[in-house]
Each structure stands twice: as C-alpha cells, then as structure tokens.
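Data block below; observations after.
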Amino acid sequence: MKSSREKEKENDRCISSHMQTLHRRLLHALNLGTRHFDEKTNRWNWQCANIEVQKNVLRSIGAFLDSLSGDARAARHAIVKESVADSILGALLWILQCKSEALLSMASNVAVKLVSSIPNSLLQLHMLDLVYCLSSLLSSHQVEVATPCAIALNLVISNLSATSEKAVMEALNETETSIRIVRNIKFFAEDAKKIEYFKEMTLLLSAILWRWPPSRFSVGNDVILMKGLANIHTRTESSIKIALLKLYTSLALCDSVARKLIEDGEGFPQMVVQAMGKSNPHAVQIEGFRLAQCLLRSQENCLEVVGLCGEALVDAIICGMKETGLSSKKIGNNHGSLSVEACQLALITRWAGDHHINFWKQGIDRILLNLLIENIQDQLSEPVLSLEKQISMAKEGLKANYHLGLRSYLWDILGWLTIHCGENLNPYTHGSKLCINLLITCACLSFVDTLEKWCRICQKDIDDHFQSEPVSRAVLMMIHSPCNTISSYARFLLLDALEVKGLSCLKSLIHTLDYTSSLESYGSFDKLQLVINLIGLTCLSSLPEYQSCIIESKGIKAIVLLVKRCLSNDIHVERRNFTPHLHTTFQERSCCCMDKEDWEGSNVLLFYSLLGLSEILRQCDLLQDNSQQYSREVTNIRAQLVSKLHEICSGNSFSPGVRWYVLYILTYFGFYGFPNELAKRIGKSLNKEEYSDMRLVVANGVSVSVHGVILAVRCPSLLPPQLLPSMKNSEKVTDKFVRETMREVQLSSHVDYEALVLLLEYVYLGCLHAGEETVKKLKILAKRCKLQHLLQMLYRQRPKWGTPFPSFNLTPSLGSAGSCFSDAILEAKSNKLVGWTCNICSDTVPHMHVHKVILQSGCDYLQGLFRSGMRESHSQVIKVDISWEALIKLVQWFYSDELPNPPSGCLWDNMDDEEKLFNLQPYVELCWLAEFWILENIQEACWDVIMSCLDSSSQLPIKIIKMAYNHSLWKLVDVAANLMAPSYRQLQNSGELEEFDDALVHLIYSASIQLNQEGKNCFR
C-alpha cells in the first residue's frame, strides 16, 4: 500500500511546471474579483464588473484548460478539482450571466474547453447553472456566441450519467431549449458561418431529442422545420449529412414521426438509402444505417419502405456487409463497425416480403459465406464439391473464428431467409447452389457441436454460449423451410453429422430436458439450456431414424410437462434474455413504438415446446410405427393437455405462432379450425329458423337454415351468384331479395349432407370436430368452397412462419358484402356531420345498416327486444341515444368482438384537452349504454380505456365528471372526484365549480376532505 506522502508525490508528477505556472496565474486573475455568499444556493460565488478583469480571467482559464487537454490524469488532479469547483466554474458562470457582448464569444469558447477537458463528475455541483446559462445564450444573434454554446451543451448532454440525465433534461425543457433551437434552425441563412451554426444546432437538437421523448412529436410535426431540413438534403458536406441523419434518427424514435417521414413519399426513404451507399464516407454510412434501423423497427414500416425502394435498400445492406475492413479478421461487438450496422439492418429478413427475393438476387448467400469462412471464394474454384470436401471446408473455416462477433447476426439472417422462402421462391434459382449448401453445412456442424457441448451440463465448457441459440434456431428454421430442397438437405446433413453420437446425444438431451424442466427456479444459464435442448429435440424429432428413441425415452412426456409449466406461468423465457446482439439503444429510447409482439411470442420456451410436440406427432402419424406405445402417449396428451390447448386458441393473449401450433396439434385429436369468443356467440344461431333468410337444400331434400350475411363473409361460395357482393346492380338485389322471408338454395347433388353440416360448423363456430372418414368428405367440399385455412388444417399442413392468425371478423358485412341482407338500422342521436351521406341508401341521418342475427348474439337486451312482439321489435330503425362516434365503436364490437382504442403514445400526449375529450367521450357514452343493454364486456373495455386516459390532463377529470354525472355513472364520478380533490380549493377560487350542481360539488369537496384526512394520518 502506498503512503499518503507517496500518493502526493505521484500526483505532483502528473502536473508539469508549466501547468503549475498557469494555475498560479489563474488564481492571481481570480483574486482580482470578489466573492459573495449566496444564501439561496448556500455557496460562495465569484463576481467582478470590470470587463478587463473578466477578459483576463477568461484568458487564464482558457490557457489552464488548454494545458489539461488530452491529459486525463492531470484533469483529475487535486488542484484541478479544487479550481473547477471553487473558482473556474463560478467565474465563468458570472461572466456568461453578465452577457457582455464584448466577452460572450470568448466566454462561450472557454465553456467549450471546460466541458471537453473536465469530467462531468467535477462539474456536477454547478451543472444545472451551466446548462441554464448556455441554453439562454442559444438565441443570441451572434453566431460566434450561439455556436460554441450549442457545442458546449451537446458535450454536457453526451457525457451525462444516468443519475444526472433527468435533472438536466428537465432544466432544458423548462428553458424551452428545443423550441429555441428549432427556431434557430428554421430561420438560418446559408453562408459559411451559418452552415457551421446549422450543424451544431442540429446536433444539439438531436442529442436533446434522443434523451427527451416529449419533444419529439412536436418537433417532427413542425412543417416549416421539416421542409427546411428537406432542403438541406442536397448538401454534400459530410458533417452536415451526419448532423441531419442524427436528428432524423432521434425524431424517428417516436413511431408517429417515423410513420410520417415514411409516408411523406419516396424522397425521404431514398435519401436514407443513398446515405447508406458506398459513395459516402463510413461515418455517413453508419449514421444512414442507424437511421434505417430506427425507421424499420416495425413490419408495417419495413414493408412500406420496401415497396418504395426495396431493391436499393437491399443493395445498400449487401454493400455494407461487404465492408469488413482490410485488416479486420475478427470483428468484436463494436457497433461502430459498418458491417455490424449492416447486419443489424439485414435483420429485416425476420419479416416476409418482396425484399427476400432481392436479397437472394443480390447474392446474400455468398456474402454470408464470406463472413463465416475466410477466403472461401478462393477455395470455390470447382463448381461441384463432394460432400466430404464441403464438410472439411466448413469445419476448417469455422475453427478459424473468422468475424466471430458477426456470427449471431449471420445465423439469424440465414434462418430468416430460409424460413421465409415462399413456395414460389427457390433460392437455388437466384443463388449459388454450392454456397447455399455450404451455409447449411456450416450451420448443421455448428449446431451439432453446440448440442454435444450442452449435453455435458457444464457451464465452464460453454465459452460461446450466447451464439448457441442463434445457430440452433437457424437449423430449426432450415428444417421447417417451405423450400423442400433446403429442408431435405438440412435434415440429410444433420443426420450425417449425428451418425456417430446421435442416439447418445438424444438420450442426454431428453434426460437433461426432463431434469431441468422440473427445477423450481431458473437462472439465465438454465433457461438457455432448456431452449437449446428443446430445439435439439425438435430438430431430431424431424428425423424418422430417432422417432423410436424419442417415444421410448419419454420425450413426449418431457415436452408436455414443459408446456403445462409454461401455461401455469412457472417458466417464462424471452429470447432477448440470451441474445445480446438483438439489444439496441433504439428499443430503450423509443417513446411510442407500437410494434407487435413477435410471431413466436415472448415466451419462446412455450413456442419451441409446441413446435417440438407437433413435430413428434407429425412424424409418428406419417410412420405409423410403435403404434401401441404412440397411442398411449397420445391418450396421455389428450388427458393432460387438450383442454388447456383449447383455452389458448380461444383467447387473444397468446402470439399468432403459439396459437397456430396449438391448432396444428389439435388436428391430431380431431379438432379443426379457429375458435374464438365471437364465433361462440354467432354459432348459437346455426340451423335456427330465427332471423335466418336462406335454406340450403341437398339432393335428398334435407335442408339447413342459414343466414346470408354470415355466408357472405365466411363462405360466399355457398351463396347464389346473384347475391354475391361483386354484382353491379346491388339496389335491384336489395329490392328483390330483402322482401323475401326465406330463400331456398338447391346445392349440387355431389354435396354430402354430413360434410355440409361440418362445414357450416366451421363457418359459424370457427371450428369443428370430426373423425378421419368424415374429414375425407369435408376436404372435397372445403376445396370447392375455397376455404384455404380450413383446408390447411384438414390436410395438417405445417403453419408457415410469420403467417397472421385468421380472425373471425364480420365487419365486411357492413359494406357491400352484407348490405342486401341487412334487416335493421341503428340510428345515432342528432349529430352535426356536415356532408354525411349513407353509401347504401343515400340517407343523410347518421346510421348503420346492420343484421339482427349478429346484434342479438352479443346483447341479451336486443334479443329480448326483437322477440318481445312490441312495436319496436317490428321497426326496422332502432334509435340509439349515443353519438355517431360511439355508435361506430359499438357496431365494431358487435361484428369483431374488438373495441377500437383511442390514439395512444405521443399522438395522445400531444392532443389538447378538447381533442382528448372528443376521443374519450364515446367510451363514456358506451359505458352508460352498456349498463342499460347489459353489455358487460363493452363496459369493462370502456372502463379500462377511460381509466388509462383520465389522469393524462388536469382538465380532463373536470370535463368527464360532468358527463358521468349526467349519465348516472357514479363509479366514474367517484374516480374523477378523487382526481380533482387535490385542486379543490384552486377550482373553487377560480370559479370553475360554479356551473356544477351542488350535489356534484359536495362530492368533490368530500373527496378533498378525505384526502386531507389521509394525509394527516400518514404523519401521525
């Protein structure tokens, strides 16, 4: 241990004699001023009104800071710490606050030196004072003052710690710094000095918006600013391009702004793609890639940009992935690397779309192989290589750990490219067969090596465990690729690689899976091991050679246990927990990204378990081996799991991928289709005479009563041609058929009655239960009726990765598809809708043409009304005492079982109180109507919406409480009164309560008394 004396000597050696001289001169200059004690801050502050003294002090500070430049050890010396805290900052703040035009330029430049030379930790005491000073000078008419102030502030913000960030950003918000900067940028004139000014202001605004989400929406929607920025796109200076790209990236963290930038036309996306081009310096390209990553965080945005400039976008990504550097053999996790940024952007392959074929055309297979194996192109002189040669090349190449930091990206990209190969897209057509085969070989060899390592159950052996999941997942995707060539070759190679240790590895996987799945708690390592073992078991279950071993080793039992534990929320594993390459600062900084959940869902363990179980059932069904033991296992699954699986597919809380594989598994137990709550309601009307307007008659004269509106949406092939919505003369259709109470439709003599009944079960209920023999008949009828999703289930086709889950949505019947079957009209209360005209009947009173069979299925009140025999039951028009906006939402729920949500995120936060009230009022009206009509689901959904929005504005409860009081919604009145309670006295004094009823004022007063009483009790 060093003594304090030795430490002092070592510190003295950090300070040169020149630096010590400058420090003494600085102290001498500071002594020419005076000190006074500020009681507010409880600190001694330097002050001096003499301009010459101030000038001398600034020179001395500047010279001293220059001597510290580039010397980190000297900057932390004791005399520096004392000088900064006690003297330098105080003097600089005084001079800046004096705002002497003769010294401001000099002082602001000294401020830049200060924040660039001294660590933020030493500036902490006066940090907010410095921020207030610098931000106030941004509006200076002197470019020489405003520019360095912007630079200094940017340096302060860029070096902020997590603990001090909030206070500094609130100070900048309080001084309306972003508004000042926007004003400066909008009205600058282009000359040499102002371009530098524009650059620094833009960089500062970017830094602020990156850390302060509330300002993004307003800045991004400033039309004049955005037009001004668009005019700068043509500038060629790299520094200007970088500043612009950084600003757009910060703005695009708000998803609403990102959508607006993309929707403004081709110009903006093309500018981004051009910035990524190889003609630009690397710094510009990197910022271009980062902006693109930020813009394309959602599938909707990605497909929009791909539609505008997909080919150019893919070309830029491919070129970026090639730029690995001349001397860079191993790329670490360095986000400054162009190839890393390009690989991150290439993850847009996770969404299916036209960009996939562009990737194959641009030679993505060669690029991926070049990044996996060094100098691989030199070894591919022969067009055809033997399997032994390919395996040898792959093994040697992988051992070299070439570009190891990119491996996780490469496996993910490869997996997405193979899983999204459409039936009409064969990558071998566009890519090199040899390169693609080598990629598959590399993936399979790495995967087998991973399995063997994880079978040892020894954490210290897994030195690259974070790369285990991406390569395992890639092989799983190859095996399930829609491209039969890729799928079969991957299985062939995997079988070959497992030839020696396959069975022992499989038994070890199942044993480890069984043991790990029974643990009470899980660390990150245990979760990753579960995932790897589960993927391994799923991949091996696709190989017929291992089916017997899987069944005999109780592999199905282990997976069923995992599914049950996942459904009980005992185990929840998110992929991001062990894939650091997917973590980006964009996710952390985004303010209102409405990106949908991944297709696989947040709990990948549940998804992989269902995928594995489905694969085992599929292979056993194909092979029909071990039938007795297989039957026992299936019986066990039916007893333990089938009821739980039905619960999954009936609700909306699980991801599309999970629900697809649940339904796929259920086909092996005779259940086909897509059940949901709306279908359960509609299904009660099947073959009921009530409200039916059509009878389907088969050859032997047996008939089934149906509803034209249901068939029009769910199975139009069963309708007579003259009733199809495509018919031009819809008015004649309505006149001819609506008057008829029942229409008979004679079906072809080939239609089997039993198959028809089952088909109608699917049409009405969304699902059906049938034996194998009946399914054969049903396949024929479903094919003729063009019910593709049902056919997929009947033929037990694997779910295609990324396919949206089919919805039971009857809203198309509100348009031309169901207009001729309408037997009721819902009319809203008087509403000022200028120019509104019904596109079905041309009436100008706001109303909707609806169908009694759908309304009564979701509302007992309406069902009773229609059956009552009263005058209202025979009237075609039902007047509903709610606004047009509320009526639209009500009907949407009846026809889709979903209540539209109000705007959210930044869109909601930036609305004024009147706009918020306008958006919230329909939910209050529906809350009232739901009590009257006994619509519990709507009432609960509306209540959730109101509660989530009510405290977003101090004025909103005041406006909502009146509405709730008038509708006798006492629960809502109580909530609003409690929100108003803290400001009761202020509201009373301002006169805002004068227009309230006395009873309502008393409620608010009582709430404030109760709040005060609770506050007193807290201090007892």
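Where helices (runs of 4 or more DSSP H) sit wholly within the stretch 704-781, those with at least 1 residues that are at pLDDT below 90 occupy 730-737.
Please indicate, with yes or no, whether at least one residue in the stretch 133-154 is buried (at least 17 other Cβ atoms within 10 Å of the Cβ), of a type in the set (Gly, Ala, Ser), more than 38 Å from the chain's Cα centre (by Cα) and closer than 18 Å to residue 207 by Cα. Scanning the stretch 133-154, I find at least one residue that is buried (at least 17 other Cβ atoms within 10 Å of the Cβ), of a type in the set (Gly, Ala, Ser), more than 38 Å from the chain's Cα centre (by Cα) and closer than 18 Å to residue 207 by Cα, so the answer is yes. Does residue 390 fit the bill of being assigned by TED's automatic domain parsing to the domain that holds residue 440, buried (at least 17 other Cβ atoms within 10 Å of the Cβ), not aromatic (Phe, Trp, Tyr) and not in a loop (DSSP other than H, G, I, E, B)? It is true that residue 390 is assigned by TED's automatic domain parsing to the domain that holds residue 440, buried (at least 17 other Cβ atoms within 10 Å of the Cβ), not aromatic (Phe, Trp, Tyr) and not in a loop (DSSP other than H, G, I, E, B). Evaluated against (1) within 19 Å of residue 964 (Cα to Cα); (2) surrounded by fewer than 21 Cβ atoms within 10 Å (Cβ to Cβ), residue 892 falls short on exactly one condition, (1). State the number of residues belonging to the stretch 809-859 that are exposed (fewer than 15 other Cβ atoms within 10 Å of the Cβ), more than 27 Å from residue 931 (Cα to Cα) and among the hydroxyl-bearing types (Ser, Thr, Tyr). Residues that pass the stated criteria total 3. Of all residues being assigned to a loop (DSSP other than H, G, I, E, B) and surrounded by 15 or more Cβ atoms within 10 Å (Cβ to Cβ) in the stretch 905-917, which is farthest from the chain's Cα centre (by Cα)? Just the residue, please. The qualifying residue farthest from the chain's Cα centre (by Cα) is 911.
Starting from residues that are surrounded by 16 or more Cβ atoms within 10 Å (Cβ to Cβ) and of a type in the set (A, V, I, L, M), keep the ones in the stretch 211-231 and report whichever is nearest to residue 906 (Cα to Cα). Spell out how you get there, then give the answer.
Here is the first cut: in the stretch 211-231, the residues surrounded by 16 or more Cβ atoms within 10 Å (Cβ to Cβ) are 211-213, 215-222, 225-226, 228-229.
Now narrow it down to the ones that are of a type in the set (A, V, I, L, M): 219, 225-226, 229.
On the way: 219: 12, 225: 19, 226: 18, 229: 22 Å.
Among those residues, the one meeting the criterion is 219.
When residue 585 is tested against (1) under 27 Å from residue 642 (Cβ atoms); (2) β-branched (Val, Ile, Thr); (3) without any contact (Cβ under 8 Å) to a residue 24 or more places away in the chain, just one condition goes unmet, and that condition is (1).
Please verify whether the stretch 975-998 includes one or more residues that are loosely packed, with under 13 Cβ neighbours inside 10 Å, under 28 Å from residue 855 (Cβ atoms) and under 42 Å from the mean Cα position of the chain (by Cα). Break it down stepwise before answering.
So in the stretch 975-998, the residues loosely packed, with under 13 Cβ neighbours inside 10 Å come out as 985-986, 989-991, 994-995, 997-998.
If we keep only those that are under 28 Å from residue 855 (Cβ atoms) too, we end up with none.
The answer is no; no qualifying residue exists.
The single condition from (1) at pLDDT 90 or above; (2) hydroxyl-bearing (Ser, Thr, Tyr); (3) surrounded by fewer than 23 Cβ atoms within 10 Å (Cβ to Cβ) that residue 409 fails is (3).
Say we look at the stretch 860-885 and pick out the residues that are in contact with a Lys or Arg (Cβ under 9 Å, 6 or more places away or on another chain) and buried (at least 18 other Cβ atoms within 10 Å of the Cβ); which of these is modelled with the lowest pLDDT? Only one residue tops the list, namely 866. Exactly one residue out of 499, 520 is over 23 Å from residue 391 (Cβ atoms), assigned to a loop (DSSP other than H, G, I, E, B) and more than 31 Å from the chain's Cα centre (by Cα): that is 520.
The values are calculated or read from the model by the stated rules, or taken from the named source; none is laboratory data. Not measured: the values here are computed from a predicted model. Glycine also receives a Cβ, built like all others from the backbone with ideal geometry; neighbour counts cover every protein chain displayed.
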